[in-house]
Amino acid sequence: MSLVGKKFPSIAVDAISEMGDNLKINIFEEAVNNNKKVLLFWYPKDFTFVCPTELHAFQAALPEFEKRNTIVIGASCDTNEVHFAWLNTPKNNGGIEGVTYPILADTNRNLANILGILDIESTSYSEDTDSVIVEGSNVTYRATYLIDETGKIFHESVNDMPLGRNVNEYLRMVDAYTHIQTKGEVCPANWEAGKEAMSADRVSTAEYLSAN
């Protein structure tokens, strides 16, 4: 079920800084208290394959997000200890050394469960062990959330495990939403910063389509 248009869940989650400090981060409060947008991206596992390429890509774009008043935060269900080991592994050895934004450690999966982004094929109850058996990896898909300054989600996307994200698309989405906030216009297909937008009426749409 889509969460776009709703407030991001207000829940504190364990996290770690680049220096190895253990933190508690509430994404909703990060947005509202700092009056900033937040980009939260989830990845399946530390020490894997596509994942480090994404973490480095978001790091490379960090100055662009900062220009746009946007905080970047990564997340997975790995522990802070595993995160820190990965942060201390060189890039040329598959690590994420050099990443400076915080990374959530949702080990109890409380937030991932609320968001509905865990890879769970099925669950069943075992009478023999009086427990619930989970089929599936129970780690997160490549989910991405953009949250505005009021804590509202204005974009969400979920990729399957093998599909890495295009970081530039999230910069474009932040630009478009900021344009809507400041200009009161709507952004047509393939809109980019500096291009023509539209008023939300039939006349403006007709004029835009005629010109493009």
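The values are calculated or read from the model by the stated rules, or taken from the named source; none is laboratory data. Everything quoted here is computed from the prediction, not taken from an experiment. Cβ placement follows ideal geometry from the backbone for every residue including glycine, while neighbour counts extend to all protein chains displayed. Just so you know, the surface numbers come from the protein's heavy atoms only, side chains and all, with ligands and any DNA or RNA stripped out. Shrake-Rupley method; radii C 1.70, N 1.55, O 1.52, S 1.80 Å.
What the table below lists for this structure:
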| read-out | value |
| --- | --- |
| Tally of residues being free of Cβ contacts under 8 Å to residues at least 12 places away in the same chain and surrounded by 15 or more Cβ atoms within 10 Å (Cβ to Cβ) across region 181-212 | 2 |
| Condition met for Tyr145 (outside any loop (DSSP other than H, G, I, E, B), among the hydroxyl-bearing types (Ser, Thr, Tyr), surrounded by 13 or more Cβ atoms within 10 Å (Cβ to Cβ) and modelled with pLDDT of 95 or more) | yes |
| Residue within region 127-139 that is in contact (Cβ under 8 Å) with a residue 60 or more places away in the chain and surrounded by 18 or more Cβ atoms within 10 Å (Cβ to Cβ) present | yes |
| Qualifying residue in region 2-17 (condition: at pLDDT below 95 and in a loop (DSSP other than H, G, I, E, B)) | yes |
| Verdict on Val4 being aliphatic (A, V, I, L, M), in contact (Cβ under 8 Å) with a residue 24 or more places away in the chain and open to solvent by 40 Å² or more (accessible area, probe 1.4 Å) | yes |
| Region 7-53 - residue that is free of Cβ contacts under 8 Å to residues at least 60 places away in the same chain and either touching a Phe, Trp or Tyr at 6+ places or on another chain (Cβ under 7 Å) or not assigned by the TED database to the domain that holds Val99 (or both) and, of those, nearest to Gly94 (Cα to Cα) | Phe47 |
| Residues satisfying the stated conditions in region 150-180, i.e. under 12 Å from Arg68 (Cβ atoms) and either open to solvent by 30 Å² or more (accessible area, probe 1.4 Å) or free of Cβ contacts under 8 Å to residues at least 40 places away in the same chain (or both) | Arg172, Met173, Asp175, Ala176, Tyr177, Thr178, His179 |
| Considering residues of region 178-205 that are outside any loop (DSSP other than H, G, I, E, B) and aliphatic (A, V, I, L, M) only, the residue farthest from the chain's Cα centre (by Cα) | Val203 |
| The one condition in (1) touching a helix residue (DSSP H, G or I) at 6+ places or on another chain (Cβ under 9 Å); (2) without any contact (Cβ under 8 Å) to a residue 24 or more places away in the chain that Lys67 fails to fulfil | (1) |
| Residue tally, condition closer than 13 Å to Lys37 by Cβ, touching a strand residue (DSSP E or B) at 6+ places or on another chain (Cβ under 8 Å) and of a type in the set (Gly, Ala, Ser), over region 149-189 | 1 |
| Subset of region 22-66 that is aromatic (Phe, Trp, Tyr) and open to solvent by less than 70 Å² (accessible area, probe 1.4 Å) - its residue that is farthest from Thr107 (Cα to Cα) | Phe65 |
| Residue ID - farthest from Ala12 (Cα to Cα), chosen from residues in region 75-91 that are part of a helix (DSSP H, G or I), open to solvent by less than 20 Å² (accessible area, probe 1.4 Å) and not hydrophobic (A, V, I, L, M, F, W, C) | His83 |
